[in-house]
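Peer 1: Before anything else, here's the structure in question.
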Amino acid sequence: MSVERSVLCLVLGICLSLLFSGAALAAEIAGPEVALKENSIVVSSSLSLSEAELKDIRNGIPKEIIFHVDLFRVWPYWPDEFVLGAAFTKTLRCDPVKKEYVATSFDGMTLTEKRFSGCEPLAAWALRAPEFKLTNVSELAPDLYFVRVTAESRLRRLPPVINHLLFFVREKEFSVSKDSERFQAGGRK
């Protein structure tokens, strides 16, 4: 009986160590930093990827990372209210054979394409969310607010019907989010 118990404890210990070691190496958001500049809410943030994900990019696997920047109003007894949001997509492509390192950024209106001399500068540019002007403070009601930044990477795009039928197939490689500190904003009454 004690041998079976020892084996069970060993298996559980190995499973837990693998689970927590994988969680420690996942993608992580730094920030978000929120500043009130010239009567506007300005947000900046960055994303750090695990070594395995960076290795995939270096080996030529393209990545598409979608950043969502959302403003929420804090309510004391109700769920927080979504006020407005914006999204932009960054695509990373490294081709070590051709020595092509290209990143694109698309915010819904403007497509920016940059070429780099290597994968490290490409990743440094693409994983940083630049200072982003979210909204004018005078358009908000005076209250407490916070900003949530979410970054996600898709493995594959499935058609909507197949996505519901094959619910066990992962569609996202990762999805992480982080909230800013709460801040007082608003100009009209």
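Since every read-out is calculated from the coordinates, none of them should be taken as a lab result. Not measured: the values here are computed from a predicted model. Quick reminder, even Gly has a Cβ in these numbers, built from the backbone with ideal geometry, and neighbours come from all protein chains shown.
Peer 1: Need the full-extension length gain, SER40 to LYS133, defined as separation in residues times 0.36 nm minus the C-alpha distance. One decimal, nm.
Peer 2: Numbers: separation 93, 0.36 × 93 = 33.48 nm, distance 0.67 nm.
Full extension of this stretch gives 32.8 nm more.
Peer 1: Once phi is turned into θ = phi - 60°, what whole-Hz ³J(HN,Hα) does the Karplus curve with 6.51, -1.76 and 1.60 give for every residue of segment 35-52, x standing for Gly and Pro?
Peer 2: These are the phi-based 3J(HN,Hα) values: 9, 9, 10, 6, 6, 10, 8, 10, 10, 9, 7, 8, 10, 10, 9, 6, 5, 5 Hz.
Peer 1: Take GLN184 and ASP95, extend 7 Å from each Cα along the Cα→Cβ direction, and tell me the distance between the two endpoints in nm.
Peer 2: Placing both labels 7 Å beyond Cα along the Cβ direction yields 5.6 nm.
Peer 1: Measuring from a point 7 Å past the Cα of ILE61 along Cα-to-C-beta, which residues in segment 105-136 have an amide N at less than 19 Å?
Peer 2: 119-120, 122-124, 126-127
Peer 1: Provide the three semi-axes, in whole Å and in decreasing order, of the ellipsoid equivalent to segment 33-185 as defined by the square roots of 5 times the Cα gyration tensor eigenvalues. Before the final figure, lay out the partial values.
Peer 2: Details: eigenvalues 198, 87, 32 Å².
Here the semi-axes work out to 31, 21, 13 Å.
Peer 1: Under the Karplus relation 6.51 cos²θ - 1.76 cosθ + 1.60, θ = phi - 60°, what is the ordered set of whole-Hz ³J(HN,Hα) values for segment 132-139, x standing for Gly and Pro?
Peer 2: Residue by residue, segment 132-139 yields 10, 7, 7, 6, 7, 5, 5, 7 Hz.
Peer 1: PHE106: net charge of surrounding residues, Cβ under 13 Å, Lys/Arg +1, Asp/Glu -1, itself excluded? Walk me through the numbers before you get to the answer.
Peer 2: Working: positive: LYS90, LYS114; negative: GLU64, ASP107, GLU113.
Once positives and negatives cancel, what remains is -1.
Peer 1: Sticking with this one: Between SER177 and GLU120, how many nm apart are label points set 7 Å from Cα along the C-beta direction?
Peer 2: 3.5
Peer 1: For the pairs LYS114/LYS178; LYS133/LYS172; LYS63/LYS99, note any where the Cα-Cα span goes beyond 20 Å.
Peer 2: Working: LYS114/LYS178 27 Å; LYS133/LYS172 27 Å; LYS63/LYS99 17 Å.
Violating the 20 Å limit, Cα to Cα: LYS114/LYS178; LYS133/LYS172.
Peer 1: Kindly list the residues of segment 33-49 that lie in the label zone of ALA141, defined by a backbone N under 20 Å from the point 7 Å along the Cα-to-C-beta vector.
Peer 2: Taking a point 7 Å out along Cα→Cβ of ALA141, the residues of segment 33-49 whose backbone N falls under 20 Å are 41.
Peer 1: In segment 43-105, which chymotrypsin sites (Phe, Trp or Tyr not before Pro) fall in coil by DSSP and have 10 or fewer other Cβ atoms within 10 Å? Walk me through the numbers on the way to the answer.
Peer 2: On the way: sites: PHE67, PHE72, TYR77, PHE82, PHE88, TYR101; in loops: TYR77.
Sparse-neighbourhood loop chymotrypsin sites (Phe, Trp or Tyr not before Pro): TYR77.
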